[in-house]
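As structure tokens, the structure follows; a few thoughts come after it.
Laboratory data are not the source of any read-out in this text; all were calculated from the coordinates shown. Only a predicted model underlies this, so the values are computations on that prediction, with no experimental measurement involved. A quick note on method: Cβ atoms are made from the backbone with ideal geometry, for glycine too, and the neighbour counts reach across all protein chains shown.
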Amino acid sequence: MRANGWQGVVRARKVRTTVPDPAAGRAADLVDRQFRVPAPNHLLVADSTYVPMATGVFAYTAFVIDAYAGRIVGWECSTSKRTTFVESAIRQAAAFRQREGNPLLGNTIHHSDAGSQYTSVRFGESLLLAGMIPSIGSVGDAFDNALAETTIGLYKNECIRADSPFRRGPLNRLSDVEEVTADWVHWYNTSRLMHRLGRRPPAEHETEYHALLRDGQPADHT
């Protein structure tokens with residue numbers, strides 16, 4: 001690496017986005033770090049992160065990810081960390097599954113960290129209306145939401161960093177963040193080769209699952 005002038009990606013100091021509300025009730029951890037599931041719509045994991053902007057302020061991006069193939073099924077960008085922006089991400093996830101003909105049926109687990117956005121009463125109501133069951137990991141333990149944390153890390157390193165191929169210039173406005181995020185999510189879902197999926201992208205792996213299901217053949221777990 002030294003001979004070629006290469007440098008590894010160094011993650012900048014983190015801004016705290018997970019702030020628990022000690023007065024809020026918390027759902028039980030229904031996942032217990034078991035992210036291997038037999039089919040799509042069994043388990044969705046969620047998390048949010050900050051995005052530094054050229055103006056010196058932060059935007060925030062929330063993701064909802066299906067654990068089966070790691071496909072991003074919902075996302076939302078905002079200039080505020082309030083509950084409404086993570087609610088929008090789950091509504092997107094439910095609407096996306098509805099459009100493709102695989103709606104959530106009320107038994108999908110939605111797993112997140114213990115941030116106040118995810119423990120609010122309003123968020124819990126939104127989950128139930130979207131056909132999801134709440135599950136929350138322990139406070140201050142990234143391993144309890146490892147799949148979402150991994151996806152967030154890829155987003156920061158592949159999409160948001162200054163020399164990312166998805167960047168068209170400085171991130172001056174929220175619309176700039178939304179634009180690069182949309183491009184990256186599409187690429188991630190349809191073109192990024194995943195080692196654990198046999199070097200296939202998430203969308204292709206899900207498509208194969210449904211094709212095998214229609215043919216009455218068992219699909220491999222991931």
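Values for this structure:
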| read-out | value |
| --- | --- |
| Rounded, prolate or oblate (a/c below 1.5 giving rounded, otherwise prolate when a/b exceeds b/c) for the range 59-119 by Cα gyration tensor | prolate |
| Helical segments meeting 15 Å axial Cα length and Kyte-Doolittle -0.5 threshold in the chain (DSSP H) | 83-99, 174-190 |
| At most 11 other Cβ within 10 Å, DSSP loop - chymotrypsin sites (Phe, Trp or Tyr not before Pro), the range 69-122 | none |
| Cα gyration tensor shape for the range 43-213, rounded if a/c is under 1.5, else prolate or oblate | oblate |
| Surrounding net charge for Met194, when Lys and Arg each add one and Asp and Glu each subtract one, Cβ distance under 11 Å | +4 |
| Relative contact order (%) - the range 118-222, alpha-carbon pairs under 8 angstrom, separation at least six | 10 |
| MRE, 222 nm, helices only [DSSP H, n ≥ 4, -39500 (n - 2.57), over the chain, to nearest 500] | -9500 deg cm²/dmol |
| Of all DSSP beta bridges in the range 43-213, antiparallel share, percent nearest 5 | 70 |
| Highest-MSF residue in the chain out of His42, His186, His195 [GNM, Cα springs under 10 Å] | His195 |
| Among Pro38, Pro165, Pro201, residue whose mean-square fluctuation peaks in a GNM of the chain (springs only between Cα atoms under 10 Å) | Pro165 |
| Charge dipole magnitude, Cβ of K and R +1, D and E -1 - the chain, Cα centre, debye nearest 20 | 600 |
| The chain: most fluctuating residue of Leu44, Leu30, Leu127 per GNM, C-alpha cutoff 10 Å | Leu30 |
| Stretch gain in nm, segment Arg91-Leu174, where the contour uses 0.36 nm per residue and the Cα spacing is subtracted | 27.9 nm |
